[in-house]
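Student: Got a structure for you, questions after.
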Amino acid sequence: MATLEDFRNERLRKLEELKQLGVDTYPANTARDTEIGRVSADFDALAGKKVVVAGRIMAIRTFGKVAFLKLRDYSGEVQIFWQGETAGLKLEQIHLLDTGDFVEAAGEVGKTKTGETSVMAESVRLLTKTLRPLPGRDGFTNKEERYRRRYVDLNVNLDVRERFVRKSNFWTATREFLNANGFIEMDLPILEKTTGGADATPFMTHMEALDQDFYLRISHELPLKRLVGGGYERVYSIGARFRNEGMDDEHLPEHVAMEWYAAYWDWEQGMEFTEKMVRFIADMTWGKREFALPNGRTINLGQDGEAYPRLSFVGLMREKFGIDVFNTTLEQVKAKCKENGIKIEDADNVGRGVDRLWKKIRGEIVGPAFLVDIPVFLQPLAKRSEKDPRLTEQFNLLLDGTEACKAYSELNDPLDQLERFNEQQALRDAGDDEAMMLDLDFVEMLEYGMPPTCGYGHSERLFWLLEGVSAREGSLFPPMR
């Protein structure tokens with residue numbers, strides 16, 4: 001049985017023979033003037049006209065003095081009918097070509113005797129000689145191999161290639177919606193001296209120019225709120241963020257996220273805006289609002305103007321676990337975790353334990369729904385509720401057992417913020433690596449004044465969820481061991 005090395009050696013032999021014939025095996029240019037997909041789509045307009053197409057050979061068939069090549073570019077596939085004398089490569093040299101090679105073919109658009117739309121080759125030119133054969137679709141299904149050689153995966157599994165077109169459309173739609181509503185996209189630094197905006201363990205790196213350590217950002221939040229303090233009223237940013245934690249079907253240490261901040265809005269306006277935005281993105285990306293997920297659940301994002309139900313965090317914790325989150329001890333929380341098979345760490349505090357219990361509940365909620373009544377101790381950056389100062393004006397969009405977004409009325413009281421930062425720093429000093437760092441510069445910004453503001457964030461997890469794929473399946477080049 002031939003091995004990959006055998007195939008490669010044979011192609012190397014062909015490469016050398018082509019060079020001996022004077023063929024430029026890797027030319028720098030092509031005369032292509034027509035995308036392959038147009039040949040069929042615009043056949044009536046192109047029939048009888050000369051075109052130059054270029055693409056990858058997907059199949060080669062020879063019948064005596066006639067050959068057929070199936071050529072593919074990004075737009076589609078077309079047959080090349082090769083007969084008689086041609087410029088460039090000669091028909092008798094076809095044995096030096098392999099599937100996977102890139103060629104250019106020029107000739108009139110027409111149909112063969114069997115009625116298949118074709119380019120009647122007048123010249124064939126080699127553009128790239130490949131040294132490794134593409135596997136068949138049935139032979140390239142191993143996930144680990146697909147992720148490591150995504151460039152092969154995209155050639156073999158066209159459904160995967162189209163997935164990442166949709167992912168591009170997902171972020172294009174996000175930008176379109178925000179731009180149309182008066183938001184300005186901002187560039188933000190990835191390297192930060194003090195990082196914050198989320199409960200997450202940061203990555204560290206060293207900048208030689210300053211001989212200082214920096215963190216890779218875990219969130220866009222604090223820089224964007226500094227911009228609101230600087231006078232911008234509606235801003236957003238889309239880009240990578242980094243959280244030095246585990247990987248699973250919903251999480252990757254590096255992923256793309258978006259956050260927006262709107263001055264003079266509160267969380268109620270933010271919820272209404274979120275419903276509209278998520279529906280717009282779904283319409284523009286998938287052309288639908290109802291999604292049948294691999295786990296058998298169905299999510300319907302609803303009709304315009306339809307408000308999502310609201311679920312109380314405090315109420316759910318009391319209903320499911322009998323816990324009053326404002327009057328409980330770490331021992332009681334640990335006991336409930338053990339009772340429900342939830343792992344809890346020695347360094348966990350009450351807040352971290354309550355959050356672990358909440359994730360047990362969250363997994364059962366299909367949604368869409370907004371989680372509200374979230375305690376202050378779980379969100380150090382959100383404004384307190386006017387109705388109950390123990391709660392925040394925060395909402396999380398729940399979809400298929402996960403938090404697809406997090407948003408809230410932003411805390412703009414500098415003294416309250418300083419107090420919460422100090423509480424977080426104390427937790428960090430006690431061993432909680434995910435607690436937020438004390439950011440005195442941010443507090444100073446608040447002392448200069450930031451107007452009432454609503455902030456929102458979602459990551460590409462929202463895309464993975466609605467696309468019905470895991471985190472690694474939904475990322476072009478996921479991290480691999």
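Student: Which number in (1) more than 18 Å from residue 7 (Cα to Cα); (2) surrounded by fewer than 16 Cβ atoms within 10 Å (Cβ to Cβ); (3) under 39 Å from the mean Cα position of the chain (by Cα); (4) in contact (Cβ under 8 Å) with a residue 24 or more places away in the chain marks the one condition that residue 59 misses?
Tutor: Single failed check for residue 59: (1).
Student: Note down all Cβ pairs under 7 Å where the first residue falls in region 175-187 and is farther than 25 Å from residue 217 by Cα, the second is in a loop (DSSP other than H, G, I, E, B) and of a type in the set (A, V, I, L, M), and they're at least six residues apart or on different chains.
Tutor: none
Student: Identify, please: which residue in region 200-223 is more than 16 Å from residue 456 (Cα to Cα) and of a type in the set (Ser, Thr, Tyr) and is, among those, surrounded by the most Cβ atoms within 10 Å (Cβ to Cβ)?
Tutor: Of everything passing the filter in region 200-223, 215 is surrounded by the most Cβ atoms within 10 Å (Cβ to Cβ).
Student: Next up: Could you check how many residues of region 333-348 are modelled with pLDDT under 85 and not β-branched (Val, Ile, Thr)?
Tutor: The number of residues fulfilling the criteria is 5.
Student: Looking only at residues that are assigned to a helix (DSSP H, G or I) and charged (D, E, K, R) in region 259-305, which one is nearest to residue 168 (Cα to Cα)?
Tutor: Of everything passing the filter in region 259-305, 283 is nearest to residue 168 (Cα to Cα).
Student: Residue under question is residue 278, and the condition is that it be within 17 Å of residue 458 (Cβ to Cβ) and surrounded by 18 or more Cβ atoms within 10 Å (Cβ to Cβ); does it hold?
Tutor: Yes, satisfied.
Student: Taking the residues in region 343-364 that are open to solvent by 30 Å² or more (accessible area, probe 1.4 Å) and of a type in the set (Val, Ile, Thr) as candidates, determine which candidate is nearest to the chain's Cα centre (by Cα).
Tutor: Across region 343-364, the extreme among qualifying residues is 344.
Student: Here's something else I'd like to know. Scan region 364-402 for residues that are farther than 20 Å from residue 453 by Cα, of a type outside the set (Gly, Ala, Ser) and in a strand (DSSP E or B) and jot them down.
Tutor: Within region 364-402, 398, 399, 402 meet the criteria.
Student: Can you tell me which of 226, 161 is open to solvent by 30 Å² or more (accessible area, probe 1.4 Å), in a helix (DSSP H, G or I) and more than 20 Å from residue 443 (Cα to Cα)?
Tutor: Answer to the selection: 161.
Student: Taking region 441-472 on its own, how many of its residues are open to solvent by less than 20 Å² (accessible area, probe 1.4 Å) and of a type in the set (D, E, K, R)?
Tutor: Total satisfying the criteria: 1.
Yes/no per residue for (1) surrounded by fewer than 20 Cβ atoms within 10 Å (Cβ to Cβ); (2) among the hydroxyl-bearing types (Ser, Thr, Tyr); (3) touching a Gly at 6+ places or on another chain (Cβ under 8 Å); (4) not in a loop (DSSP other than H, G, I, E, B):
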{"site": "71", "(1), (2), (3), (4)": "no, no, yes, yes"}
{"site": "79", "(1), (2), (3), (4)": "no, no, no, yes"}
{"site": "82", "(1), (2), (3), (4)": "no, no, no, yes"}
{"site": "85", "(1), (2), (3), (4)": "yes, no, no, no"}
{"site": "94", "(1), (2), (3), (4)": "yes, no, no, yes"}
{"site": "103", "(1), (2), (3), (4)": "no, no, yes, yes"}
{"site": "106", "(1), (2), (3), (4)": "no, no, no, yes"}
{"site": "109", "(1), (2), (3), (4)": "no, no, yes, yes"}
{"site": "115", "(1), (2), (3), (4)": "yes, no, no, no"}
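Student: Same structure, new question: Can residue 430 be described as open to solvent by 40 Å² or more (accessible area, probe 1.4 Å) and touching a residue at least 60 places away in the same chain (Cβ under 8 Å)?
Tutor: yes
Student: Checking residue 409 against (1) surrounded by fewer than 19 Cβ atoms within 10 Å (Cβ to Cβ); (2) in contact with a strand residue (DSSP E or B) (Cβ under 8 Å, 6 or more places away or on another chain): exactly one of these is not met. Which one?
Tutor: (1)
Student: So which residues in region 188-197 are crowded, with 18+ Cβ neighbours inside 10 Å and in contact (Cβ under 8 Å) with a residue 60 or more places away in the chain, if there are any at all?
Tutor: Across region 188-197, the qualifying residues are 195, 196, 197.
Student: Of the numbered conditions (1) closer than 22 Å to residue 282 by Cβ; (2) among the hydrophobic types (A, V, I, L, M, F, W, C); (3) without any contact (Cβ under 8 Å) to a residue 24 or more places away in the chain, residue 238 satisfies every one except a single condition; which is it?
Tutor: Every listed condition holds for residue 238 apart from (3).
Student: Considering 154, 178, which residue is among the hydrophobic types (A, V, I, L, M, F, W, C), at pLDDT 95 or above, closer than 16 Å to residue 458 by Cβ and open to solvent by less than 70 Å² (accessible area, probe 1.4 Å)?
Tutor: 178
Student: Same structure again: Give region 206-235 a look and list any residue that's among the hydrophobic types (A, V, I, L, M, F, W, C) and touching a Phe, Trp or Tyr at 6+ places or on another chain (Cβ under 7 Å), or say none.
Tutor: Correct list: 207, 216, 218, 222, 224, 228, 235.
Student: Quick one: would you say residue 233 is over 29 Å from residue 409 (Cβ atoms) and either of a type in the set (Gly, Ala, Ser) or open to solvent by 30 Å² or more (accessible area, probe 1.4 Å) (or both)?
Tutor: no
Student: Looking at (1) modelled with pLDDT under 95; (2) part of a helix (DSSP H, G or I), which is the one condition that is false for residue 431?
Tutor: Exception for residue 431: condition (2).
The values are calculated or read from the model by the stated rules, or taken from the named source; none is laboratory data. Owing to the predicted nature of the structure, the values given are computational and were not obtained by experimental measurement. When we count neighbours, we look across all protein chains shown, and the Cβ atoms used for this are built from the backbone with ideal geometry, even at glycine. Side chains are part of the model used for accessible areas, which takes the heavy atoms of the whole protein and leaves out ligands, DNA and RNA. Shrake-Rupley method; radii C 1.70, N 1.55, O 1.52, S 1.80 Å.
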